[in-house]
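Written out below as structure tokens is the structure these notes cover.
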């Protein structure tokens, strides 16, 4: 399995912070208050290790927004929030006066829109920086347990969790006095992981990072 060097991890963190910064600007306009996003942790690891990391941090269901991106590097991107925090984000988007029943009905559409903004901003930053072309699917929203987070459409055969890579990001959200942690995972097969690292090394060499 490919491991990131310190330079590669720093470069990816910088790229992703640019992307979530763009997403934060859009979300700020939508919720009419400052939104700050940052990516304090980036790790390229196995699916098993990523799942263990999420289990250690969350023992509650997650609202997952998943999009598939195809190209030279193909990936399933999964943006995750604790389920109770997803309703908080929806309330910010549509206003705080609606009853819980109506918020719940609007949750899927609102979370799909939030996921689309964040995922596309991050992918756009990755694409422009590393000269990669991506074609994305529409977002799919579901509530899942940690154990099922990497289930279909990216299910892996028995014993392959150590070979299939996950580019795992922890995202810190700051909305006024609220603090919400989210997670973003890019599921990569072996060829896509190798191509991503090769493009990243080319970028580092060109910039002298």
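Here each label is just a point 7 Å from Cα along the line to Cβ, and for residue 201 and residue 74 those points are 2.4 nm apart.
Here Cα extents along the principal axes in Å was computed from the coordinates, and among (1) 60, 34, 29; (2) 51, 40, 30; (3) 72, 46, 26 the match is (2). Computed from Cα positions, the angle between helix 6-31 and the longest principal axis of the chain comes to roughly 20 degrees. One Cα centroid belongs to the range 35-78, the other to the range 120-142; the line between them spans 14 Å. The modelled label-to-label distance between residue 106 and residue 142, using points 7 Å beyond Cα along the C-beta direction, is 2.6 nm.
Coordinate-derived values only; no laboratory data. Keep in mind that what you see is a predicted model, and the values were worked out from it rather than measured. Positions of Cβ are generated from backbone atoms using ideal geometry, with glycine treated the same way; all protein chains shown enter the neighbour counts.
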